[in-house]
Amino acid sequence: MKMHASRRQWLKKIQNIGLLTLGAWFSPLTAFAKKEDAMKVIQEITGGKPVIDGKVKLVIPPLVENGNLVVLKLSVDSPMTVNDYVKSIHVIAEGNPLPNIFTVYLTPRSGTANITTRVRLADSQIVWAIAQMSDGKFYQGSAETLVTLSACTELV
């Protein structure tokens, strides 16, 4: 009988360790990215090149009741000609589990560099839009929002 009791105790301890590990993995402190993570993603996108403020206008509501569907509008000031156009736009959110929300690739045939979409925001945070131009330069715009009901609470 003692053998069964000790095996049960051993299994209970293993179960408790597993729950502690699982709890630490899904802890809100580890689920969300940090500003440093967002800055690292921006460095990876730009390859360490300087990012210039301007040309990019990012609009999100300053106060959002529900982070599940946040309207995001962005535009980049560009003539979108063969010699001068926006190659890509990267949207980065410092508080989401994965900071790089989405990337859009454009060509001169796109006509304009205007995008309206909906995104999920995990928490109150700053969101950046980084535009890579055809000449290799990077421009940025940002917006800050306060989210009262967070989205993205699970790791994907």
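The values are calculated or read from the model by the stated rules, or taken from the named source; none is laboratory data. As the structure is a computational prediction, the values presented were derived from the model and not from experiment. We place every Cβ from the backbone using ideal geometry, glycine too, and count neighbours over all the protein chains shown.
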Inset, instruction - Please list, ordered by first then second residue, the pairs with beta carbon atoms under 7 Å, 6 or more apart or interchain, first in the range 49-60 and in contact (Cβ under 8 Å) with a residue 12 or more places away in the chain, second basic (Lys, Arg). - result: Ile52/Lys137; Val59/Lys73
Inset, instruction - Looking only at the range 118-133, decide whether some residue is over 11 Å from the mean Cα position of the chain (by Cα) and of a type in the set (Asp, Glu). - result: no
Legend entry - Hits in the range 67-79 - residues which are farther than 16 Å from Ile126 by Cα and either assigned to a strand (DSSP E or B) or in contact with an Asp or Glu (Cβ under 9 Å, 6 or more places away or on another chain) (or both): Ser75, Val76, Ser78
Inset, instruction - Look through the range 30-66, keep the residues that are of a type in the set (S, T, N, Q) and in a helix (DSSP H, G or I), and return whichever of them is farthest from Ile115 (Cα to Cα). - result: Thr30
Inset, instruction - Return the pairs, sorted by first residue and then second, in which the second residue is crowded, with 20+ Cβ neighbours inside 10 Å and of a type in the set (S, T, N, Q), the first residue lies in the range 123-138 and is more than 24 Å from Ser150 (Cα to Cα), the beta carbons are less than 9 Å apart, and the residues are 6+ apart or on different chains. - result: Ala131/Ser78; Met133/Ser78; Ser134/Ser78; Phe138/Gln132
Inset, instruction - Would you confirm whether any residue within the range 81-98 is without any contact (Cβ under 8 Å) to a residue 40 or more places away in the chain, over 23 Å from Asp37 (Cα atoms) and either loosely packed, with under 12 Cβ neighbours inside 10 Å or not assigned by TED's automatic domain parsing to the domain that holds Asp135 (or both)? - result: yes
Inset, instruction - Check Lys55 against each of (1) modelled with pLDDT under 85; (2) at positive phi and name the one condition it does not meet. - result: (1)
Legend entry - Residue tally, condition more than 30 Å from Ala151 (Cα to Cα) and either surrounded by 15 or more Cβ atoms within 10 Å (Cβ to Cβ) or touching a residue at least 60 places away in the same chain (Cβ under 8 Å) (or both), over the range 61-80: 2
Inset, instruction - Please specify each residue of the range 112-156 satisfying the condition of being part of a loop (DSSP other than H, G, I, E, B), at pLDDT 95 or above and small (Gly, Ala, Ser). - result: Ala113, Ser134, Gly136
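State yes or no: is Thr46 hydroxyl-bearing (Ser, Thr, Tyr) and in contact (Cβ under 8 Å) with a residue 60 or more places away in the chain?
yes
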